[in-house]
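The values are calculated or read from the model by the stated rules, or taken from the named source; none is laboratory data. Bear in mind that the values here come from a model prediction, so they are computed numbers and not experimental data. Heads up, the Cβs are rebuilt from the backbone with ideal geometry, glycines too, and the neighbour counts pull from every protein chain shown. Side chains are part of the model used for accessible areas, which takes the heavy atoms of the whole protein and leaves out ligands, DNA and RNA. Shrake-Rupley method; radii C 1.70, N 1.55, O 1.52, S 1.80 Å.
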Amino acid sequence: MEVLGIDIGGSGIKGAPVDTTTGRMLAERLRIPTPRPAHPGAVAAVVGEIVEAFGWDGPVGCALPSVVHHGVVRTAANIDEAWIGVDGSALFSQRVGTPVNLLNDADAAGLAEMAFGAGRGRDGLVVMLTFGTGIGSGVFNEGVLVPNTEFGHIEFKGMELEHYAAGRLQEDEGMPYDEWGDRVDEVLDYLQGLFWPDLFILGGGISKAWDEWSDRLDVATEVVPAAMRNNAGIVGAAMAAVGAVRV
Ligand code: BGC
């Protein structure tokens, strides 16, 4: 099916039409800077702009960096607090005049990786982690998403895990790759002891520089970089909108 996928991030809102059977984007993606402040109404206006730019009247799926429970945004760790309690599905659908499905960004990225990327054909328990401004998680058991896990907020060394090892520490704050890679290894070791996954998939901007830091990883669980890079959120958001998952 053809679905417009939109990935709402802290700095940019990106969208493209996606063929959900192949995971391919059908046009070059459009990126519009995230409005500041990123109030729900302002973000809905940008979503509307993207829908209009593609002349879209079919299904739309959106990923955003929050717990999304039955369409309602429940957390706002790295987005405007005004989102908490907002029925984002209803808000966006009203703005664009066609049904819009919402889900968590790391869940979306994981769906795309499991279907078309690094998790393709993998059974057992797979944990996808995205490293960016925060740390997102998408958990799959036998290929089925367990939605809204929030591993970035597990307490680790007296702080939230995402404060210890988010990608932004390296990308924006210049932490040396070795030091950051060692932190990621510690985090994976800890998560391994809690969940015993069969595979970790590591995504987010930092996965592009995999060769710079992956030699620091010696956790026993197999670890692979995400394959779809920064299109995974768009593709997964589109997939979820046509029933690949219910959240
Ligand atoms: C949020 C998650 C999100 C992750 C990555 C975290 O701070 O709580 O919902 O998936 O950042 O964007």
### Condition check for Thr98: within 16 Å of the ligand (Cβ to nearest atom), modelled with pLDDT under 95 and closer than 29 Å to Val51 by Cα
no
### Query
Taking region 30-67 on its own, how many of its residues are in contact with a Gly (Cβ under 7 Å, 6 or more places away or on another chain), among the hydrophobic types (A, V, I, L, M, F, W, C) and in contact (Cβ under 8 Å) with a residue 60 or more places away in the chain?
1
### Query
Any idea which of (1) away from the ligand (no atom under 16 Å from the Cβ); (2) under 15 Å from the mean Cα position of the chain (by Cα) is the one Leu103 doesn't satisfy?
(1)
### Message
Looking for something out of contact with any His (no Cβ under 7 Å at 6 or more places or on another chain) and over 26 Å from Val60 (Cα atoms) - is there at least one such residue anywhere in region 96-115?
### Response
no
### Number of positions in region 116-131 that are open to solvent by less than 20 Å² (accessible area, probe 1.4 Å), more than 14 Å from the ligand (Cβ to nearest atom) and touching a Pro at 6+ places or on another chain (Cβ under 7 Å)
1
### Query
Within the bounds of region 210-226, is there any residue that is within 20 Å of the chain's Cα centre (by Cα), open to solvent by 30 Å² or more (accessible area, probe 1.4 Å) and aromatic (Phe, Trp, Tyr)?
yes
### Message
Just to be sure I understand the filter: pairs with C-beta atoms under 8 Å, separated by 6 or more residues or on different chains, first member in region 163-182 and more than 15 Å from Ala209 (Cβ to Cβ), second member assigned to a loop (DSSP other than H, G, I, E, B). Which pairs pass?
### Response
Tyr164/Lys157
### Task
Specify the residue that is farthest from Ala109 (Cα to Cα); the eligible residues are those in region 132-151 that are within 13 Å of the ligand (Cβ to nearest atom) and in contact with a Phe, Trp or Tyr (Cβ under 9 Å, 6 or more places away or on another chain).
Phe151
## Note on the structure
Residue set Ala232, Ala227; condition hydrophobic (A, V, I, L, M, F, W, C) and in a helix (DSSP H, G or I); output residue Ala232
